[in-house]
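The values are calculated or read from the model by the stated rules, or taken from the named source; none is laboratory data. Note that the coordinates shown come from a computational prediction; the quantities given were computed from them, not determined experimentally. So basically every Cβ, Gly included, is an ideal-geometry build from the backbone, and we count neighbours across all protein chains shown.
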Amino acid sequence: MSASAPPMNDADNARPLPGAWLVVGLLWLAGCLNYLDRVMLNTMRDSIKQAVSMGDDGFGGLTTGFLIVYGLLSPLGGWCADRFGRSRVILFSLGGWSAVTWATVYVQTYEQLLATRSLLGICQVCYIPAALALISDYHRGSTRSLATGIHMTGVYAGMALAGMGGWMADHHGWASGFWVFGSFGVALAIVLSFFLRDVPHASQANAGQPPVDVFETLKTLAGSGNMWIITLHWGLLGFAGWAFITWMPSYLREQFDLSQTEAGFTASVYTQVAALAGVLIGGAWADRWSRTQIRGRLWVPMIALTLASPFVFLSAHTDTLVVVSVCLIAFGFARGCSDANMMPILCQVAAPQHRATGYGVLNFFGCLIGGVAAYLGGWLKERDVDLSYLLMGSAIGVLLSGLLLAVVKPARRD
């Protein structure tokens, strides 16, 4: 892949630029590792609590601490990608979070573990906005949702593989996973540095005009009613998503008397395999629909989330593991349809120079509300309140998040 790509023209809007699919493939590996490193801890609750003294609210607080830091810094992380270049920020993020993952091996106290989770949030905050913006730069028109969806399969593969954390903790100690995947991430950052390059925006290539500053970008985004709607949509979906990620392994273990390994794999594999299908089918479906209907990218996740909400509610009201598995599949598929189309929807709302920052704003609200869900689960458990109430709240969030997309009015086709 060359260091730069040719300027955009009208024909480029219908096809990806040279090297576009290589970018997706490289970022697939990074996206996989991104979520594996952040989610793996949730599959080894018992092992972590034995090694580092804490209660259930403290365990939930580890995810909440990560999400608060990640959420608060997300707009700044997205702006860094708009300001300093997508590929440079991606490499910095990948190398940083992998080093922190590796360093987690050496923690001995709860405070140290909480500090590493916070540092993980700081280092990971730039990656997703930068990666999705870079993919959108290379993929225009008819391949944008599918390309985004393929990248998101890496994210879901990472969350599915995070189930290995419980197995590795049971057989090799809780620190083994952090050592293995942290080392792999540092090596991956070195490899990506030889291949990953930015696409210059036409607006920045002309006359050397300075990029928009962060305050002007945030002011522009805040003035968009569509941006407020999709931000609320993403926040509600974040509540459900992080409730499932943080507490579904514990819920399954207690409800169905599963081992730590069985609960970790059940909670992650069914949801994430379904999400793999969701991002591919939902991405291709939205790309096709958007050719004839400007709202096509909105309608796909709206339909999927609305239909999935009863299954999320049912997961809290069944004593049959098979039924819960079906519910996890339904939620995972719907979440995949949404994830494949979130950046493409943002591209219909925000100008190119604001898109990474815009996705950072979405992450800000999604992570803060998701952090509330993560902590709320621990708070409920400390008071002997069943986690099914958290799942019922998640079902309401999924339904509302889907319905909100019906009122978004795209300002641009692509």
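Does Arg38 satisfy the condition of being under 21 Å from Gly366 (Cα atoms), among the basic types (Lys, Arg) and surrounded by 19 or more Cβ atoms within 10 Å (Cβ to Cβ)? Answer is yes for this residue. In segment 40-61 there is no residue that is closer than 20 Å to Ala131 by Cα, in contact with a Ser or Thr (Cβ under 9 Å, 6 or more places away or on another chain) and either part of a helix (DSSP H, G or I) or modelled with pLDDT under 85 (or both).
Figure legend. Inter-residue proximity from segment 234-260: first residues over 13 Å from Asn42 (Cα atoms), second residues surrounded by 24 or more Cβ atoms within 10 Å (Cβ to Cβ) and polar (S, T, N, Q), beta-carbon distance below 6 Å, spacing 6+ or different chains. Indicated pairs: Leu236/Ser401; Leu237/Ser401; Ala240/Ser394.
Between Ala316, Ala308, Ala406, the distinction of being of a type outside the set (Asp, Glu) and within 22 Å of the chain's Cα centre (by Cα) belongs to Ala308 only. In this structure, Ala175 qualifies as touching a residue at least 60 places away in the same chain (Cβ under 8 Å), hydrophobic (A, V, I, L, M, F, W, C) and either farther than 20 Å from Ala277 by Cβ or surrounded by 23 or more Cβ atoms within 10 Å (Cβ to Cβ) (or both).
Residue by residue through segment 345-376, note down the ones that are of a type in the set (A, V, I, L, M), farther than 22 Å from Leu146 by Cβ and at pLDDT below 85. Before the answer, list the steps.
First, pick out the residues of segment 345-376 that are of a type in the set (A, V, I, L, M): 345-346, 349-351, 356, 361-362, 368-369, 372-374, 376.
If we keep only those that are farther than 22 Å from Leu146 by Cβ as well, we get 351, 361, 368-369, 372-374, 376.
Scanning segment 345-376 gives Ala351, Leu368, Ala374.
Just checking, how many residues over segment 215-250 are under 26 Å from Glu262 (Cβ atoms) and of a type in the set (Val, Ile, Thr)? So the count comes out to 2. The condition (being surrounded by 20 or more Cβ atoms within 10 Å (Cβ to Cβ), of a type in the set (Ser, Thr, Tyr) and out of contact with any Asp or Glu (no Cβ under 8 Å at 6 or more places or on another chain)) is satisfied by just one residue among Tyr127, Tyr106, Tyr110: Tyr127.
If you go through segment 300-324 and keep only what is surrounded by fewer than 18 Cβ atoms within 10 Å (Cβ to Cβ) and in a helix (DSSP H, G or I), you end up with Ile303, Leu307, Pro310, Leu314, Leu321, Val322, Val323.
Could you tell me whether Leu390 is in contact with a helix residue (DSSP H, G or I) (Cβ under 7 Å, 6 or more places away or on another chain) and surrounded by 24 or more Cβ atoms within 10 Å (Cβ to Cβ)? Yes, satisfied. Against the conditions (1) among the charged types (D, E, K, R); (2) in contact with a Ser or Thr (Cβ under 6 Å, 6 or more places away or on another chain); (3) over 19 Å from Thr43 (Cα atoms), Asp170 satisfies every one except (3).
Only one of the numbered conditions (1) closer than 23 Å to Gln348 by Cβ; (2) at pLDDT below 85 is violated by Leu161, and that is (1). The residue list Arg197, Arg253 contains one member that is assigned to a loop (DSSP other than H, G, I, E, B), in contact with a helix residue (DSSP H, G or I) (Cβ under 8 Å, 6 or more places away or on another chain) and at pLDDT 85 or above, which is Arg197.
Can you name the residue in segment 100-152 that is under 18 Å from Tyr70 (Cβ atoms) and touching a His at 6+ places or on another chain (Cβ under 8 Å) and, of all such residues, is modelled with the lowest pLDDT?
Quick first cut of segment 100-152, residues under 18 Å from Tyr70 (Cβ atoms) only: 100-101, 103-104, 113-133, 152.
From the residues that got through so far, the ones that are touching a His at 6+ places or on another chain (Cβ under 8 Å) too are 131-132.
Values: Ala131: 93, Leu132: 88.
Across segment 100-152, the extreme among qualifying residues is Leu132.
Sub-8 Å Cβ pairs linking a first residue in segment 189-202 that is closer than 13 Å to Ala131 by Cα to a second residue that is of a type in the set (Ser, Thr, Tyr) and at pLDDT 85 or above, at least 6 apart or interchain, are Leu196/Ser87; Arg197/Ser87; Asp198/Ser87; Val199/Tyr138, ordered by first then second residue.
For segment 256-272, give me each residue that is in contact with a helix residue (DSSP H, G or I) (Cβ under 6 Å, 6 or more places away or on another chain) and part of a helix (DSSP H, G or I). Explain how you work it out, then say what you get.
Initially, segment 256-272 is screened for residues in contact with a helix residue (DSSP H, G or I) (Cβ under 6 Å, 6 or more places away or on another chain), giving 256, 258, 260-261, 263-264, 266-272.
Listed by number, the residues that qualify are Phe256, Gln260, Thr261, Ala263, Gly264, Thr266, Ala267, Ser268, Val269, Tyr270, Thr271, Gln272.
Only one of these is touching a Pro at 6+ places or on another chain (Cβ under 7 Å), crowded, with 19+ Cβ neighbours inside 10 Å, under 17 Å from Leu132 (Cβ atoms) and in contact (Cβ under 8 Å) with a residue 24 or more places away in the chain: Gly360, Gly366. Name it.
Values: Gly366 fails: touching a Pro at 6+ places or on another chain (Cβ under 7 Å).
Just one listed residue meets the conditions, Gly360.
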